[in-house]
Amino acid sequence: MFCLVNMGNGMNWVTFVSNASNYTKYYGFSPLLVDMFALIYMITYPFVCFPQSYIIDNVSLRWGVII
């Protein structure tokens, strides 16, 4: 389950970044703004991943997936 959650998170990020040019075109955002929005995921990932791993291992799978 942990691998499934990480795979889903990674796929969302990769999908978002590959469509960045479409977001700049359709929504009128600058490419820098779109890239910074994608960077938020990379910055917050370590802060969420480690507590999520601890909760999955020690508390319950349900709460780990919710987080």
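The values are calculated or read from the model by the stated rules, or taken from the named source; none is laboratory data. The shown structure was predicted, so the numbers you read here are calculated from the model rather than taken from an experiment. Positions of Cβ are generated from backbone atoms using ideal geometry, with glycine treated the same way; all protein chains shown enter the neighbour counts.
Considering segment 7-24, and only residues there that are small (G, A, S) and under 26 Å from V65 (Cα atoms), the residue that is farthest from the chain's Cα centre (by Cα) turns out to be S18. Go through segment 45-67 residue by residue and tally those that are at pLDDT below 80 and not in a helix (DSSP H, G or I). Adding up the residues that qualify gives 2. Checked against (1) in contact (Cβ under 8 Å) with a residue 12 or more places away in the chain; (2) among the aliphatic types (A, V, I, L, M); (3) closer than 24 Å to C3 by Cα, V59 meets all criteria but (1). Within segment 3-20, residues that are touching a residue at least 40 places away in the same chain (Cβ under 8 Å) sit with their Cβ atoms under 8 Å from residues that are of a type outside the set (S, T, N, Q), at 6+ positions apart or across chains, in these pairs: V5/G64; V5/V65; N6/C49.
Is there a residue being of a type outside the set (A, V, I, L, M), part of a helix (DSSP H, G or I) and in contact (Cβ under 8 Å) with a residue 24 or more places away in the chain anywhere in segment 23-44?
yes
Condition check ((1) under 22 Å from G8 (Cβ atoms); (2) surrounded by 12 or more Cβ atoms within 10 Å (Cβ to Cβ); (3) of a type in the set (D, E); (4) more than 13 Å from the chain's Cα centre (by Cα)) across all residues:
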{"position": "Y26", "(1), (2), (3), (4)": "no, no, no, yes"}
{"position": "L33", "(1), (2), (3), (4)": "no, yes, no, yes"}
{"position": "M42", "(1), (2), (3), (4)": "yes, no, no, no"}
{"position": "Y45", "(1), (2), (3), (4)": "yes, yes, no, no"}
{"position": "C49", "(1), (2), (3), (4)": "yes, yes, no, no"}
{"position": "S53", "(1), (2), (3), (4)": "yes, yes, no, yes"}
{"position": "S60", "(1), (2), (3), (4)": "yes, no, no, yes"}
